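The structure under discussion appears below in the form of structure tokens.
Please treat every number below as a calculation from the coordinates, not as lab data. The model shown is predicted, which means the values in this text are computed figures rather than measured ones. Reconstructed Cβ throughout: ideal geometry from the backbone, glycine too, with neighbour counts over all protein chains shown.
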Amino acid sequence: MALIVKISEFACAYLLLYFCFLIFRPMQEYTLSISENNSKALALLNYLKTLDFVSITKTTDWFEELSQEQKEAIDKGLEDIENGNVHKDKDVRKSIHQRILNAQK
């Protein structure tokens, strides 16, 4: 005895996508921070490299990738904040708006 069920095209497409998701689920990704100064951590890292289902990508701190000029500009900005050399967004927008109006005259 066969069971025949009629479903809409939408339901059929939904079921197809659902089953594809179950079959082709992406691999979970995890992030580990490992100190390179610790021998046990390095041993773990070397072991993980031997596993065919693990891929390892070394990342660096984004700040280290900046040029010296960019680092100095950030330090200057932080120094300005500490010294109170800041302007409110509202005041800056008002000043720019006023300059645009004056330039149109």
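Figures for the structure shown
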quantity	calculated
FRET efficiency, Leu32 to Ala103 (Cβ-Cβ, R0 41 Å, nearest 0.05)	0.15
Spatially proximal lysines relative to Lys49 (Cα-Cα < 23 Å; intrachain offsets below 8 disregarded)	Lys40, Lys58
